[in-house]
Structures are given as structure tokens and as C-alpha cells.
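As C-alpha cells, the structure follows; a few thoughts come after it.
The values are calculated or read from the model by the stated rules, or taken from the named source; none is laboratory data. Model, not experiment: these values are computed from the prediction. Cβ atoms come from the backbone with ideal geometry, glycine included; neighbour counts cover every protein chain shown.
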């Protein structure tokens, strides 16, 4: 059975602009939730921010991935849940080219990819678990588009905000995203001042107040 739900535009242009300069590691100072741990970028430097279009496929059938490329819009992030299969690739050169033509911001695959030279040539930003020559096929078994999926233990809804950079991938519901983004920007803006203090000889432990956990003896 196939489930195809309408695309969800959960991310506003304002949120996209807010997160353009937010580092995923800065968010990592604020929460433990929403990080897709274990995924690796195909190349660096890499950075994208966008609106999630979700896909879930059984281990061998990538029919829904092909159909999802009819649904994505420019700036979307295609997020693929391979139902626990980390050995097989569902994303190769032709699928990557179609995503590139649709101007997706990036792709996240909870499995492997293939045809890496072709993907690198078109500079399509992709995160995955690795590379494999063993691929999926168009079998018409089942699949879901724009449903809630699970990647690296994180639930991802269609329309969620995806933030990816050299350090990793962060996912958050748009309703909760603004507070983290604003705090992160403020934190990043303070970093030059902190570095200047270190240059003058002030210790990092004093600045961060880590010293308060150590006795004076």
C-alpha cells in the first residue's frame, strides 16, 4: 500500500533566514534532542536549511522516493527513512539528478547512497550512513510520502525544519525553532568578545564559570 499525503509547508521564510548562520553545534549547547547522530556528509563544506518532505520505504523498494520527487519544491529537504536498512542504497545518480533539477536544498538518507561521483559533480548536498553498490529497485510494494518517519531515533514530520552543516544534522518542529535560533545567534555573536578576553590572558574556565566547580586548594 502507498500513502501519499500533501506536501506540508511548515517552515517560514523568516525561519529559513534566521537559521542561515546558525551552527548545529551551537544548538548542541542548548538541547540534546533532534540530532541525527551517525549520518555523514558526502562532502564538506556542506550547509543547507529547509522544509522537510518525508519518505518511508521498505528495505528494497524505492518506488516512493521517485514519486516524492514529483512533490518536492525548491528549497525542500528530502528525508528518507529506509526502515532500518543501512546496507542498501536508495539514492544514486539519476535520482540525485532529478533532485538537483527540482532545486532541493539537500537530501538525508537513513541508509546508503551510490554513484557518488555523479552526486559530487552536481554538488547535491547529501547526508547518509555510507556508500553501497547494492541498490533498491522499483517494485511497487509499499511506501509513504509526507508521514511521520524515524531517522536515527528522531521522529521527523513533514514540514519540520532541517538544519545541516559540516558538524551534522538537526531537526526541529517549526513551532519550537525560533527560540533556539535566537539564542544560538546571540551565543555566536558573543564569541568574538570571548576570544578577545582569552587573548588578554583571562582563562576560559573563568569566563565559562567552570572554575566554580573546583576548590581553591
Inset, instruction - Select from the range 145-180 the residues that are touching a residue at least 12 places away in the same chain (Cβ under 8 Å) and assigned to a helix (DSSP H, G or I) and write down the one among them that is farthest from residue 18 (Cα to Cα). - result: 174
Inset, instruction - Tally the residues that are more than 19 Å from residue 193 (Cα to Cα), in a helix (DSSP H, G or I) and either at pLDDT below 90 or in contact with a helix residue (DSSP H, G or I) (Cβ under 8 Å, 6 or more places away or on another chain) (or both), restricting the search to the range 203-217. - result: 1
Legend entry - Condition check for residue 23: closer than 20 Å to residue 155 by Cβ, surrounded by 16 or more Cβ atoms within 10 Å (Cβ to Cβ) and at pLDDT 95 or above: no
Inset, instruction - State whether the residues of the range 125-144 include one that is free of Cβ contacts under 8 Å to residues at least 40 places away in the same chain and either part of a loop (DSSP other than H, G, I, E, B) or more than 16 Å from the chain's Cα centre (by Cα) (or both). - result: no
Inset, instruction - Determine whether the range 92-101 contains at least one residue that is surrounded by 17 or more Cβ atoms within 10 Å (Cβ to Cβ), free of Cβ contacts under 8 Å to residues at least 40 places away in the same chain and assigned to a loop (DSSP other than H, G, I, E, B). - result: no
Inset, instruction - Sort through 183, 119 and tell me the only one that's surrounded by 11 or more Cβ atoms within 10 Å (Cβ to Cβ), in a helix (DSSP H, G or I) and either without any contact (Cβ under 8 Å) to a residue 40 or more places away in the chain or touching a strand residue (DSSP E or B) at 6+ places or on another chain (Cβ under 7 Å) (or both). - result: 119
Inset, instruction - Run residue 45 past the list (1) surrounded by fewer than 17 Cβ atoms within 10 Å (Cβ to Cβ); (2) within 16 Å of residue 160 (Cα to Cα) and report the number of the one that doesn't hold. - result: (2)
Inset, instruction - Working carefully through the options 46, 86, find the one that is over 13 Å from residue 110 (Cβ atoms) and either out of contact with any helix residue (DSSP H, G or I) (no Cβ under 6 Å at 6 or more places or on another chain) or without any contact (Cβ under 8 Å) to a residue 12 or more places away in the chain (or both). - result: 46
Legend entry - Qualifying positions in the range 24-38 - in contact with a strand residue (DSSP E or B) (Cβ under 6 Å, 6 or more places away or on another chain) and either free of Cβ contacts under 8 Å to residues at least 12 places away in the same chain or assigned to a loop (DSSP other than H, G, I, E, B) (or both): 34, 36
Inset, instruction - For residues that are part of a loop (DSSP other than H, G, I, E, B) and out of contact with any strand residue (DSSP E or B) (no Cβ under 6 Å at 6 or more places or on another chain), scanning just the range 39-58, find the one that is nearest to residue 16 (Cα to Cα). - result: 46
Legend entry - Complete set of residues in the range 66-89 that are outside any loop (DSSP other than H, G, I, E, B) and under 20 Å from residue 155 (Cα atoms): 68, 76, 77, 78, 79, 80, 81
Inset, instruction - Can you tell me which residue within the range 147-167, out of those that are under 22 Å from residue 74 (Cα atoms) and touching a helix residue (DSSP H, G or I) at 6+ places or on another chain (Cβ under 8 Å), is surrounded by the fewest Cβ atoms within 10 Å (Cβ to Cβ)? - result: 159
